[in-house]
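The values are calculated or read from the model by the stated rules, or taken from the named source; none is laboratory data. What you see is a predicted model, and the numbers here were worked out from it, not measured in a lab. Don't worry about glycine lacking a Cβ; one is built from the backbone with ideal geometry, like all the others, and counts go over all protein chains shown. Quick note on the areas: whole protein, heavy atoms, side chains included, nothing else; ligands and nucleic acids left out. Shrake-Rupley method; radii C 1.70, N 1.55, O 1.52, S 1.80 Å.
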Amino acid sequence: MSQTIYVLNGPNLNSLGTREPEKYGHSTLADVEKLCREAAGRFGLTVEFRQSNHEGVLVDWFHEAKQKQVAGIVINPAGYSHTSVAILDAISAVGIPTIEVHITNIHQREEYRHHSYISKGAKAVICGFGVEGYALAIQGLASLIGAKTKS
């Protein structure tokens with residue numbers, strides 16, 4: 001089994017730390033990357049961490065992940081959660097265990113944010129724990145793929 005997981009981030013997450021900190025907190029995307037690498041390291045996993053504001057790029061990364069036979073994917077699709085059948089189709093096409101994560105609780109926000117296309121293909125969804133949700137997603141993914149904590 002590959003020891004690599006992809007952590008993919010959608011639009012506007014490059015602005016973490018400065019964009020609406022009352023909702024998203026003060027952690028930057030670099031802070032999130034560090035958190036993810038530390039969480040994955042506890043299970044002997046390595047992280048390929050990426051962000052794009054472009055839907056097609058995210059879809060391409062799913063197909064790249066399949067080609068590279070990665071163990072799993074964590075995705076914060078951000079605004080694409082509510083609009084992207086293309087990302088849902090990519091999740092289905094590649095067959096890689098995928099966990100959806102959101103920094104905020106999307107069900108406490110605007111009505112249009114309550115529905116996520118991505119959730120239909122994800123093995124699990126974590127939302128509302130702030131950036132710590134990424135670590136929880138990695139822990140859950142590790143369990144799904146049978147990765148054990150390193151001593």
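Tabulated results
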| quantity | calculated |
| --- | --- |
| Relative contact order (%) - the range 83-151, alpha-carbon pairs under 8 angstrom, separation at least six | 36 |
| Charge sum, other residues only, whose C-beta stays under 14 Å from Ser143's C-beta, Lys/Arg counted +1 and Asp/Glu -1 | +3 |
| Accessible area of the chain divided out per residue, in Å², using a probe of 1.4 angstrom | 48 |
| Using θ = phi - 60° and Karplus 6.51 cos²θ - 1.76 cosθ + 1.60, couplings along the range 64-73 (whole Hz; Gly, Pro as x) | 4, 4, 5, 4, 8, 6, 5, 6, x, 9 |
| Segment Ala86-Glu110, length gained on full extension (0.36 nm per residue, minus Cα span) | 6.4 nm |
| The range 26-146: proportion of alpha-carbon pairs further apart than 20 angstrom, % | 39 |
| Using θ = phi - 60° and Karplus 6.51 cos²θ - 1.76 cosθ + 1.60, couplings along the range 6-21 (whole Hz; Gly, Pro as x) | 9, 10, 10, 10, x, x, 6, 6, 5, 9, 3, x, 10, 7, 6, x |
| Relative contact order (%) - the range 45-122, alpha-carbon pairs under 8 angstrom, separation at least six | 34 |
| Around Gly95: net Lys/Arg minus Asp/Glu count, Cβ-Cβ under 15 Å | +2 |
| The chain, relative contact order in percent, only Cα pairs under 8 angstrom and at least six apart counted | 28 |
| The chain: most fluctuating residue of Ile73, Ile118, Ile103 per GNM, C-alpha cutoff 10 Å | Ile103 |
| Portion, in percent, of the accessible area of the chain that falls on carbon or sulfur, probe 1.4 Å | 49 |
